[in-house]
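The values are calculated or read from the model by the stated rules, or taken from the named source; none is laboratory data. Note that the structure is a prediction, hence the values are computed from the model and not measured. So basically every Cβ, Gly included, is an ideal-geometry build from the backbone, and we count neighbours across all protein chains shown.
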Amino acid sequence: MKKIVGCTHLIVKKGKVVNVFTHLSDFPIDGVVHLKGNKIESFEEFKKSHKFDHKELKKHKNVVNIKKF
């Protein structure tokens, strides 16, 4: 089993996922990246703990933004 570094942010509003942003390294050529949630933060907590990612909270059309970092 290979490890992956980074995180994924699910932006939830009114109980629905409206945006997904990934900040992951080392995607496999083929395979499955299994992600487990390890915490839930309020929007304010997220802004404080993710100073460079808080722009993800701005209004977007529903989007899945998958990228390597």
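Some observations on this one:
- The set of residues in the range 1-43 being free of Cβ contacts under 8 Å to residues at least 40 places away in the same chain, hydrophobic (A, V, I, L, M, F, W, C), assigned to a loop (DSSP other than H, G, I, E, B) and surrounded by 10 or more Cβ atoms within 10 Å (Cβ to Cβ) consists of Ile4, Val33, Leu35.
- Matching residues in the range 49-63 - criterion: being in contact with a helix residue (DSSP H, G or I) (Cβ under 9 Å, 6 or more places away or on another chain) and either on the phi > 0 side of the Ramachandran plot or at pLDDT 75 or above (or both): His50, Asp53, Glu56, Leu57
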